Amino acid sequence: MLRSRSGFALLLSTALAATAPALAQDTSTAEQTIDVMNTLFGKHPGARANHAKGVVAEGTFTPSAEAATISKASLFQGPAVPVTIRFSDATGVPTIPDGAANANPHGLALKFKLQDGSEMDVVTNSLKYFPVATGEEFRDLLKAVADSGPNAAHPTALERFTAAHPAAATAGGTAKTPSSLARQTYNGVNAFILVDKDGKRQPFRFRIEPVQGEEILPPEEAAKRDPNFLMGEIGPRIAKEPAKFRVLAQLAQAGDPTNDATKPWPDDRKTVDLGTLTVAKAVPDSAEAEKALLFMPNNLTDGIEVSDDPLIDARVQAYAVSFSRRSQ
Ligand code: HEM
């Protein structure tokens, strides 16, 4: 008995020794990322390190008939399920004006309440593609921004970074201020995999399009709007009439990269309508509701899986650090 226990202990310590360096490295990239975010945006107790300003609403998701043919996920078998929705502005500044250029990309995070009592998350924003492909590169981009103040000598750290990572110079320009959070298209950016009942695997990216169409403001008009013009508008809008979005899957073709969020797939790739998201009502106390909410990009359900995109795990690690700090 004793011998087998010590054998087990030895095995366990060997296994931990083998995985510890990898875990320590992951943790430190995520911790460093959140540290730079706190430097760039300031420390705001209780707030998210990124996408700090937001508003929580409730609604439903109604699957299309086609969704069930491409994935066995219970989400797509019907009936409609409840969804908790959080719209957000970018940055970790909880008071950022909604029309500021830096409030882009706006975020749309969804928590589906599945019939078996479990939950599934989809976390999207208005970028068409991401500035970098890995968590380490994202940390380095944020560091380069922090090191490139108005008095920095040229080429600045940011200029050097964007010279080596071309998408970092252009991705931000793909996200623009909408007239309403209900009039923006949100993208999954990372690739995921749909698995059907026969085990067929189809890489895809989420795209969530407003049924009323996207409506973008000229930047100079966005800058003049009330600081809360987006967060304050969504509640009264949906109280009058729910806002609807089409939840789409852009399907990869053979050879399309699934492990590089800086590379959008061509626009002519087939898109499948997975169903309709209806945003029906604001929650009574959004500030309280958002504290308890944590949306995780890898919180999926049988029939939808993560791809080999390294950014997904980098996000999971960073969101966990942010959640643990904001919960203290
Ligand atoms: C390595 C890349 C990324 C890092 C390090 C990162 C970091 C973060 C962090 C720290 C938070 C706060 C989490 C919390 O406290 O709950 C956050 C929130 C968020 N991120 Fe990211 N992010 C990354 C990529 C992305 C991408 C690719 C998207 C969308 C396609 C995205 C969309 C969002 C949204 C919508 C939220 C707000 C979620 C909510 O409403 O609670 N992020 N991100």
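Some values worked out for this structure:
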{"quantity": "Kyte-Doolittle mean at least -0.5, axial Cα span of 20 Å or more - DSSP H helices of the chain", "calculated": "2-41, 310-326"}
{"quantity": "Additional length obtainable on full extension of the chain from residue 170 to residue 212, 0.36 nm per residue less Cα span", "calculated": "12.4 nm"}
{"quantity": "Theoretical FRET efficiency, 1/(1+(r/R0)^6), r = Cβ-Cβ of residue 163 and residue 101, R0 30 Å, to 0.05", "calculated": "0.85"}
{"quantity": "Members of 128/224; 53/281; 53/128; 113/240; 200/270; 72/113 lying beyond 23 Å, as alpha-carbon distances in this model show", "calculated": "128/224; 113/240"}
{"quantity": "Förster radius 51 Å - calculated FRET efficiency between residue 153 and residue 197, Cβ distance, rounded to 0.05", "calculated": "0.30"}
{"quantity": "Cα gyration tensor category, rounded, prolate or oblate, for the range 129-266 with a/c compared to 1.5", "calculated": "oblate"}
{"quantity": "Distance between modelled label sites at residue 271 and residue 323, nm, 7 Å Cα→Cβ extension", "calculated": "3.1"}
{"quantity": "Residue (of 242, 194, 280) at the positive-pole extreme of the range 189-289, dipole from beta-carbon charges", "calculated": "194"}
{"quantity": "For the range 207-328: rounded, prolate or oblate by the Cα gyration tensor [a/c cutoff 1.5]", "calculated": "oblate"}
{"quantity": "Of 126, 223, 110, farthest towards positive along the dipole that unit charges on Lys, Arg, Asp, Glu beta carbons give the chain", "calculated": "110"}
{"quantity": "Magnitude of the charge dipole, the chain, Cβ model with Lys/Arg +1 and Asp/Glu -1, debye to 20", "calculated": "460"}
{"quantity": "FRET efficiency, residue 281 to residue 313 (Cβ-Cβ, R0 35 Å, nearest 0.05)", "calculated": "0.55"}
{"quantity": "Theoretical ellipticity at 222 nm over the chain - DSSP helices of four or more residues, -39500 (n - 2.57) apiece, nearest 500", "calculated": "-10500 deg cm²/dmol"}
{"quantity": "Cα gyration tensor category, rounded, prolate or oblate, for the chain with a/c compared to 1.5", "calculated": "rounded"}
{"quantity": "Reciprocal of mean inverse Cα separation for the range 74-180 (Kirkwood radius, Å)", "calculated": "16.3"}
{"quantity": "Pairwise centroid distance, computed over Cα atoms, of the range 239-253 with the range 124-171, Å", "calculated": "30"}
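Each reported figure results from applying straightforward, stated rules to the coordinates on display, with no laboratory input. Please read these numbers as outputs of a predicted model, since none were measured by experiment. Backbone-built Cβ (ideal geometry, glycine too); neighbour counts: all protein chains shown.
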